[in-house]
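Enquirer: Take a look at the following structure, please.
The values are calculated or read from the model by the stated rules, or taken from the named source; none is laboratory data. Just so it is clear, the structure is predicted and the values come from calculations on it, not from any experiment. Areas reflect the complete protein model, heavy atoms only, side chains present, ligands, DNA and RNA absent. Shrake-Rupley method; radii C 1.70, N 1.55, O 1.52, S 1.80 Å.
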Amino acid sequence: MLKLLIDRDMKKTDLLKAKILVPSTLAKIEKGEKLSLLVIEKLCKFLECQPKDLIEYISENEHIIVDIN
């Protein structure tokens, strides 16, 4: 996600200002915690991207995380 933001000359705080995310959800992203599909949908709409641009499946843990690297 960070790459998408950089490509659009944006910062993570812009997601808060645009009311796409709340601070607790941004904290979850930064910690690599689980997110709801609704959050992923909001991010995709705002960033005009596909879920595959935001998430990565990690088979060891069987979690879907937002890739912020």
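Enquirer: Output wanted: per-residue J couplings in Hz (rounded whole) for region 44-52, from phi through Karplus 6.51 cos²θ - 1.76 cosθ + 1.60, θ = phi - 60°, x for Gly and Pro.
Expert: 5, 5, 5, 8, 6, 9, 9, x, 4
Enquirer: Show the residues, 5+ positions off or on another chain, whose built amide H is closer than 5 Å to the amide H of I55.
Expert: Excluding prolines and chain starts, which carry no amide H, the hits are D67.
Enquirer: ³J(HN,Hα) across region 4-14 via Karplus (A = 6.51, B = -1.76, C = 1.60, θ = phi - 60°), whole Hz, x for Gly/Pro?
Expert: Once θ is set to phi - 60°, the couplings for region 4-14 become 4, 5, 4, 4, 9, 6, 10, 10, 4, 5, 5 Hz.
Enquirer: Then there's this: Given a 1.4 Å probe and heavy atoms of the protein chains only, how would you sort I58, I6, I40, largest accessible area at the top?
Expert: I6, I58, I40
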